[in-house]
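Chemist: Questions regarding the structure given below will be posed in turn.
The values are calculated or read from the model by the stated rules, or taken from the named source; none is laboratory data. What you see is a predicted model; the values in this text were computed from it and never measured. Cβ sites come from the backbone with ideal geometry, for glycine too, and all protein chains shown count toward neighbours.
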Amino acid sequence: MATTGLRGIAGYLLKSLTRLILVLAAVSVISFVLVSESPIDPVKAYVGEVGLANMNQETYAKLEAYFGTNVSPAKRYLNWVGDFARGDMGQSLLYRQPVSTVIKEKFGNTMALMLLAWVLSGVGAFVLGLTAGVFQGSWLDRIIKNYSLVLASAPTFWLALVALMVFSVWLKIFPIGFSVPLGVSSSEVTIWDSLYHLILPALTLSLAGNASITLHTREKVIDIMGEDYILYARSRGQKLWPMVKGHVIRNVTLPAITLQFASISEIFGGSVLVEQVFSFPGLGQAAVRAGIGGDAPLLLGIAIISAAIVFGGNVAANILYGLIDPKIRRRGRDA
């Protein structure tokens, strides 16, 4: 039976890898078509208005050949995909660096922001959901439930603006933005400096995926608290905390973890807005700059990386669901 389970997981991983390739292929085609149909001229975006006006025809033709605008979109796409598969994502028009270099620099900041926000979101939501479910119907439950409902309907950028106004402008507890202090060289930046600039954006971003996990955990705890063995334990006079620790937490932890992995896409989407509000130099802010500045190579590279991150989170959630419930794994194997 163990061998069958391992084969099921291996089969699911193989199918997930195949789906990842298909998803990335679809994202690349759609993204390339959208960028190609945009009115932005890569040559004009690269040299600017003044440079274009003073450029001779020969130089312009060379730049057209470099950016591939003088060939058909289909051929340009195949050339781009071939280069991308070899690790060449092109040259960023804004940063004047290879796209892979820009993404590598921004990726670390975004991952630090997302990882801290993801952990804070999971821990905070689990504690709130557990508390609300255990004390169902109490004033504490009503506060947590209403807080989660309000949070679920609040836009991420609005939460970021409020947090920035309250904690940075009024209370002056945290810096207004950026990932490091202004006017300080990179060699002088300490880990505490980076963490200090990271805390408020991460706390704000953690609220993006907090509400759904809190409400889901609350409902799961309420279901468990209504089970016969819980009622029997209560009738025997067992104290609340040992009962919650021995029965409730153990049964609600794994579903909460799988939901937490599924929230990666939501947190990643929120990071784009949070990075923009806090001027945090990550992939989200780079994507916005690339879109506004017409940096097609960078925009396409970020789109592919983003799709891989979101899909990876969903696959991790599905794998955990399969480990928890063998029926899901068998259903995925038979599909």
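Chemist: One residue is enough: does the range 166-174 have a residue meeting the conditions surrounded by 13 or more Cβ atoms within 10 Å (Cβ to Cβ) and closer than 20 Å to Thr110 by Cβ? Show your work before the answer.
Modeler: Filtering the range 166-174 down to residues surrounded by 13 or more Cβ atoms within 10 Å (Cβ to Cβ) leaves 166-168, 174.
With closer than 20 Å to Thr110 by Cβ added as a condition, the list becomes 174.
Yes, there is a match, as at least one residue in the range 166-174 is surrounded by 13 or more Cβ atoms within 10 Å (Cβ to Cβ) and closer than 20 Å to Thr110 by Cβ.
Chemist: If you don't mind, there's one more thing I want to ask. Restricting to the range 66-84, name every residue that is at pLDDT 85 or above and either among the polar types (S, T, N, Q) or assigned by TED's automatic domain parsing to the domain that holds Asp295 (or both).
Modeler: Passing the criteria: only Asn79.
Chemist: I'm trying to understand the selection: among the residues of the range 151-180, which are outside any loop (DSSP other than H, G, I, E, B) and in contact (Cβ under 8 Å) with a residue 24 or more places away in the chain? Walk me through it before giving the result.
Modeler: Quick first cut of the range 151-180, residues outside any loop (DSSP other than H, G, I, E, B) only: 151-153, 156-170.
Leu151, Ala152, Thr156, Phe157, Leu159, Ala160, Leu161, Ala163, Leu164, Phe167, Ser168, listed by residue number.
Chemist: Still on this structure: What's the total number of residues in the range 144-154 that are of a type in the set (Val, Ile, Thr) and either closer than 18 Å to Lys220 by Cα or in contact with a Pro (Cβ under 7 Å, 6 or more places away or on another chain) (or both)? Lay out the reasoning, then the answer.
Modeler: Filtering the range 144-154 down to residues of a type in the set (Val, Ile, Thr) leaves 144, 150.
Next, from what is left, pick out any that are either closer than 18 Å to Lys220 by Cα or in contact with a Pro (Cβ under 7 Å, 6 or more places away or on another chain) (or both): 144.
So the count comes out to 1.
The rows are residues; the columns are (1) within 26 Å of Val288 (Cα to Cα); (2) without any contact (Cβ under 8 Å) to a residue 24 or more places away in the chain; (3) touching a Leu at 6+ places or on another chain (Cβ under 6 Å); (4) not small (Gly, Ala, Ser).
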position: Asn54; (1), (2), (3), (4): no, yes, no, yes
position: Lys62; (1), (2), (3), (4): no, yes, no, yes
position: Asn70; (1), (2), (3), (4): no, yes, no, yes
position: Lys75; (1), (2), (3), (4): no, yes, no, yes
position: Gly82; (1), (2), (3), (4): yes, yes, no, no
position: Gly90; (1), (2), (3), (4): yes, no, no, no
position: Tyr95; (1), (2), (3), (4): yes, no, no, yes
position: Ser100; (1), (2), (3), (4): yes, no, no, no
position: Ile103; (1), (2), (3), (4): yes, no, no, yes
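Chemist: OK, next. Grab the helices (runs of 4 or more DSSP H) fully contained in the range 192-265, keeping just those with 2 or more residues being of a type in the set (Val, Ile, Thr).
Modeler: Details: elements: 210-225, 228-235, 240-243, 249-262.
It comes to 210-225, 249-262.
Chemist: Mind checking which residues of the range 168-185 are out of contact with any Leu (no Cβ under 6 Å at 6 or more places or on another chain) and either closer than 14 Å to Thr204 by Cβ or of a type in the set (Val, Ile, Thr) (or both)? Steps first, please.
Modeler: Narrowing the range 168-185 to residues out of contact with any Leu (no Cβ under 6 Å at 6 or more places or on another chain): 168-173, 175-185.
Listed by number, the residues that qualify are Ser168, Val169, Ile173, Pro175, Ile176, Gly177, Val180, Val184.
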